[in-house]
1. Quick one: in segment 429-448, of everything that is surrounded by fewer than 21 Cβ atoms within 10 Å (Cβ to Cβ) and either free of Cβ contacts under 8 Å to residues at least 40 places away in the same chain or of a type in the set (Val, Ile, Thr) (or both), which residue is farthest from GLY312 (Cα to Cα)?
2. Which residue out of ARG73, ARG88, ARG97 is more than 22 Å from PRO149 (Cβ to Cβ) and basic (Lys, Arg)?
3. What do you reckon, is GLU376 of a type outside the set (A, V, I, L, M), surrounded by 14 or more Cβ atoms within 10 Å (Cβ to Cβ) and farther than 16 Å from GLU497 by Cα?
4. Of all the residues that make up segment 106-159, how many are in contact (Cβ under 8 Å) with a residue 12 or more places away in the chain, within 23 Å of ILE25 (Cβ to Cβ) and charged (D, E, K, R)?
5. Can you name the residue in segment 29-48 that is more than 16 Å from the ligand (Cβ to nearest atom), touching a residue at least 12 places away in the same chain (Cβ under 8 Å) and surrounded by 15 or more Cβ atoms within 10 Å (Cβ to Cβ) and is also nearest to the chain's Cα centre (by Cα) among such residues?
6. List the strands (runs of 3 or more DSSP E) that sit entirely inside segment 236-335 and contain at least 1 residues that are under 30 Å from SER217 (Cα atoms).
7. Tell me which helices (runs of 4 or more DSSP H) are completely within segment 49-162 and hold 2 or more residues being away from the ligand (no atom under 11 Å from the Cβ), assigned by TED's automatic domain parsing to the domain that holds ALA29 and farther than 18 Å from MET21 by Cβ, or say none if there are none.
8. Do you know which residues across segment 313-346 are of a type outside the set (A, V, I, L, M, F, W, C) and touching a strand residue (DSSP E or B) at 6+ places or on another chain (Cβ under 6 Å)?
Amino acid sequence: MAEGIHFTVLTLFKDMIGSCMSTSIMGRAVENGLISCDVVDIRDFAEDKHNRVDDYPYGGGAGMVMEPGPVYRACEYAKGLHPDKRSRIIYLSPIGRTFTQDVAKELAGEESLIFLCGHYEGIDERVLEMEVDDYISLGDFVLTGGELPALAVMDAVSRLVPGVLNNDESAGDESFEGNTLEYPQYTRPEVFLGKRVPDVLLSGHHANIARFRREKSLIRTMERRPDLFEKVELDKKDRKFLKEYEESKHRIFVKEMIPGVYLLDEAHAATGYLVVGENRACVIDTMMAAADLGETVRKLTDKPVFVINTHGHPDHIYGNVFFDEAYINPADIPMAEEFFNDPRFVEGCEKAGATVPPFKTVKGGDVFDLGGKTLEIFDFPGHSPGGILILLKEDRILFTGDSINHHLWMQFDDCPSMSEFVRRLDGIMFLEEKADKILHGHAQDFDDISLIRCVRQGAAEIAEGKTENDPPYRYFEGVVKQHPFDLEPGKAYSQIESVICYKN
Ligand SMILES: C[S@@+](CC[C@H](N)C(=O)[O-])C[C@H]1O[C@@H](n2cnc3c(N)ncnc32)[C@H](O)[C@@H]1O
C-alpha cells in the first residue's frame, strides 16, 4: 500500500471538491501530508472565448456533451503535475466497473490517481479512448456529475492509506472484510429509549463477544446481501450456527406452563397457546404458519382440537390452516379475510395444498368447556375492533393476545382514542379478581395480572397529554410515538421495558 497518495480531480465545479478535502479526516490527512489533492478546472482549458466546454451531440439527442479538446488538455496538464509518479486516469461514469472495497484496496496501491468528472450527458468518446485508464461507477444510478463519485472514491481510498485513520477510527472488522457486512455497533447509554444493548456486549467475555459479532454479521450478510454471502468462507462453527438459525425460523418452541397449558413460541416472533382439557383441546392463536403447528399440537394431545383467535392479525391467524375449526370475534373477520387474501399467503397455501377453515364467531360471554378446563370469552376491542380476552377459569390465567402486553400497538386507524381505551380498560379491571396471571401473544412467560392496571396507568397518561418526552416509534407503516409505562414493584413480569405505541 502506498505511503501517501496524490489525487487530482478534473472538474467543472471545483468548489464541490475543495470543501470536502479540507474537512474532517480527509482534511487532517491532507494537513499531515498523507494525501494531497489538486483540483483542476477543465474550463481553464477551453479555447472558446466564452469558456464554453460543451456542445450538441452528433446524431442528435437530448443534452450536451463535453468537448474533447478541453478535457484532453486538462488530462495532459494533470499528468504533468507529478511526472515522477505513476498515475492512473479514472473516468467516473455509470458505464464503469462498480466501485467496491476491493477496488478501493486496489487503488490505494497507486501513487497518483486522476479523477475525470463528467457533466451533462458525458464526455466525447474519443478523448476517453485516448486518456482514460479505468472507468469506475458508484452504482447503478445516474448522478448529475462525477464529483460526488470522485469524492466517494477518494474517501474510501484515503482511509486505507497508513496513518490516515487514528486508533479510535481504525478500520477493524469492517463491512466487506471477508465478504461480510459489519455486525451492529452500540455505545452508551446502556438503555436508549427503552432499547437495551445486548447483554453479551456488557459481559467482558471476549470470545463470546467475538462469536456474537460473527453471527450477527453472518445473518446480516445472508439476509441483506445474498450476493456477498455466497463468497463468505464459513467454518464449522458458522455452518452449525446458520443451520440452527434457519431451523429456528421454522420451529415452534414448546413450554409446558402448568399441566395442560402449553406455550407455543414460533421463532420468537409470535406466541400461541394450547389448553388441553379432558375431552378436547383449544389452540389460542396460531401464529404465522412458518412452522407446522398442526404437527406440534398433535404431538402434545390426541384430543379433538379447535382454535380461538384473540384477534385477526396475520401473526395470530395464519396457522389456522392446520386446523378444521376456528373461532373469532365477527368484528375482526373482514381484516382477517383481507390477510388471508394476501397473495403471498395464498401462494403458500396453494403450494402446501392447505385451506383456511371458515370462521365461526365468538363473543363476550361465550364459554367453551374442554373438560376440567373452562374458557370464558370477554370482548375487549382496542388493539383491534374484535379483540377478545380468554379466561381459563380453573387455572386463573387470562390470555390477552395483543390486547394487553408490554409493547402495546394502539396506533392503528381502527384503534379507539386513548380516553375511550382507558374507559374500556376500566370495564375489564374486574378480571383482576378472576385471574392471577396473563399470557399474551408474544410472551415467553407469565405476567402478573397487574399488567392490566399498569397498561391502564400508561394509557391514562397519554389521554391526559403527559407525553412531552415520548420518543418516536418506527414500525412497518411509518413513525408514531411510544409512551413508556411503569410496572408494579415486587410483581413478576415476563419483560421489564413496557410501552404503548400511539398516533399523535
Ligand atoms: C448525467 S451523467 C451522464 C450519464 C450518461 N449519459 C449515461 O447515461 O451513462 C453526468 C456525469 O455524472 C457522472 N456520473 C453519473 N452517474 C454516475 C455513477 N453512477 N457513477 C459514477 N459517475 C457518475 C459521470 O461523470 C457522468 O459523465
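1. GLU433
2. Values: ARG88 fails: more than 22 Å from PRO149 (Cβ to Cβ); ARG97 fails: more than 22 Å from PRO149 (Cβ to Cβ).
None of the other options fit; the residue is ARG73.
3. Working: of a type outside the set (A, V, I, L, M): yes; surrounded by 14 or more Cβ atoms within 10 Å (Cβ to Cβ): yes; farther than 16 Å from GLU497 by Cα: yes.
So GLU376 fits the description; yes.
4. 5
5. So in segment 29-48, the residues more than 16 Å from the ligand (Cβ to nearest atom) come out as 29-38, 44-48.
Going one step further and asking which of them are touching a residue at least 12 places away in the same chain (Cβ under 8 Å), we end up with 29, 32-38, 44-47.
Still in the running and surrounded by 15 or more Cβ atoms within 10 Å (Cβ to Cβ): 29, 34-38, 45-46.
Values: ALA29: 35, LEU34: 38, ILE35: 37, SER36: 39, CYS37: 38, ASP38: 41, PHE45: 49, ALA46: 50 Å.
Residue satisfying both the conditions and the ranking: ALA29.
6. Working: elements: 252-258, 261-266, 270-276, 281-284, 305-308, 326-328.
In segment 236-335, the matching strands (runs of 3 or more DSSP E) lie at 252-258, 261-266, 270-276.
7. Numbers: elements: 68-81, 101-107, 125-131, 147-158.
Passing ranges, in order: 68-81, 101-107, 125-131.
8. Filtering segment 313-346 down to residues of a type outside the set (A, V, I, L, M, F, W, C) leaves 313-316, 318-320, 324-325, 327, 329-330, 332, 334, 337-338, 341-344.
Answer for segment 313-346, where residues must be of a type outside the set (A, V, I, L, M, F, W, C) and touching a strand residue (DSSP E or B) at 6+ places or on another chain (Cβ under 6 Å): ASP315, ASN320, GLU325, TYR327, ASN329, PRO330.
The values are calculated or read from the model by the stated rules, or taken from the named source; none is laboratory data. Since the structure is predicted, the reported quantities are computational estimates derived from the model, not experimental observations. Positions of Cβ are backbone-derived with ideal geometry, glycine not excepted, and every protein chain shown enters the neighbour counts.
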